[in-house]
Amino acid sequence: MSETRNNAIDFLPGMLSQNAQSMMRSMVLAMQEEMAQDRQLANSSYCALLLKLSEPDLVREFDVAIKSAMTSIKNSNQTEIFTADLSLSLEPIDDVVDSSASDFASSAALFGKLCSVEPEHKIESVEAFSKDVFLAALKDAFLKSRIDSAEAAKIMPYARRALNAELVDLYGKLGGR
């Protein structure tokens, strides 16, 4: 089983690079659905319209960021290079209180299972696929989209929860369940 998981992780950068656009489209749909049901979100229809209009930008920029991260992982197996470059440009979106710990609780639990396999079956490279890489790509996509930073801050909690759902699926397929 450990060999199968290692093989899956070896192919993961290529698979994520190929599927980044569909991953973002799925996240946009999830965000729109959640915002439509949230009665406390002021101007939910406006936020949904912004998402719809900015979807091509979000998809393109998320794709570029994920491909860059996966290339970095393939070449160096270090995510710090990628996330450090993006984190400097993320200040405007992070003005709102960050609830990402609770937003990523379920994927963090699965990721913890992936990282805590028995020592003799330890998979070193799985740590390169933490939520931080994906969250940095998501924030970068929002930053480079046509969504103004104040509106992006309103949408970001929905985006984090949509990303969490995608990561739960990804980590579950890698054997975290």
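Put simply, when 32-44, 159-171 are sorted by average Cβ atoms within 10 angstrom per residue, most first, you get 159-171, 32-44. For Asp57 and Ser116, the difference between the fully extended length at 0.36 nm per residue and the C-alpha to C-alpha distance is 17.6 nm. Spherically averaged projected area of the convex hull of Cα atoms, segment 14-81: 5.4 nm².
Please list, in order along segment 127-132, the HN-Hα scalar couplings obtained from phi with the Karplus expression 6.51 cos²θ - 1.76 cosθ + 1.60 (θ = phi - 60°), rounded to whole Hz, x for Gly and Pro. Once rounded to whole Hz, the list reads 5, 6, 10, 5, 4, 4.
Bear in mind these aren't lab numbers, they're just calculated from the coordinates by the rules spelled out. Everything quoted here is computed from the prediction, not taken from an experiment. FYI the Cβ positions are ideal-geometry reconstructions off the backbone, even for glycines, and counts take in every protein chain you see.
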